[in-house]
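Enquirer: Got a structure for you, written out below as structure tokens; questions coming shortly.
No value in this document is a laboratory result; all are computed from the given coordinates. For clarity, every value in this text was computed on a predicted model and none was experimentally measured. Ideal geometry is used to build each Cβ from the backbone, glycine not excepted, and the neighbour counts take in all protein chains shown.
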């Protein structure tokens, strides 16, 4: 059986086998054989020794041939093609068997000078490395030169967080929405977008006031149980049970992350705040907890960080050990004014959300 990635090989109605591949000019070439094994052998030989044009195989030709053997989603195929074009523009004319680590490093350095982000260079490196790995397996080259090159590490984006006063405004505005508690979960419990959108009623125990984040939805692969502050449990209790998901689409299916992002931006705009990533709502939780003096180990458990170092390395710039409390204290700290203002806690549909002390 032909292995995945071997390329386009098929049998004609007349019984002959056909292998197709691209030459270094991008032209599709066709090779014929009596058996599948022979067709694959001719294809490998043509790639190794040069195609019918008489020219040796270039990186550009190999990238084209490699892409024909991939079985990916249309969106991924389009993304790979775009990255291969960029690589081809820089290194396409180089013979595959003469491509060196030094040549690759020089291109990476040039891309960086041209303003290409480290993350994008790293993604291009992954595609090049994958293509060359297949070339090694097919004996087209002895070793993968990209394996000798270290791709630039992506620059971590600094964690952004709302201040306490900003968080209060966002919580107050969110409390007016029918399912605004979605943002309370992000700001007060530090839940990731995927964790909230994937949350099902089976994961919520309102009587015990505990919310379960399943391990298959947690980034670290470890599930965790989060205690629900009383006010949050009361707000969840007033949501309809029209779907297995706590925050579904109108159709009952899981809410789309893009639509969720749009809702977040609208909420920020109504509060007079600049745009932020949805993930920055999660950053607000540890920032404010550490400001309140909550031990880093407790913050780690709430967020589901794999190690305490991740918590400390990201948020120690706001750590103040002289302050106090945890989730209930944080909730009380941010929602005290809401309970004093009876106009807050009204949903847009007129249903009163349970904002209690």
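Enquirer: What is the gain in length, in nm to one decimal, between residue 129 and residue 279 on full extension, counting 0.36 nm per residue of separation less the C-alpha to C-alpha distance?
Expert: 51.0 nm
Enquirer: Distances longer than 17 Å among the Cα atoms of segment 155-291: what percent of all pairs is that?
Expert: Result for the distance tail: 59 percent.
Enquirer: Another question about this same structure. With the crude spin-label approximation of a point 7 Å out along Cα→Cβ, what separation in nm comes out for residue 35 versus residue 136?
Expert: 3.0 nm
Enquirer: I would also like to ask the following. How would you rank 139, 280, going from fewest to most other Cβ atoms within 10 Å of each one's own Cβ?
Expert: Fewest-to-most ranking of 139, 280: 139, 280.
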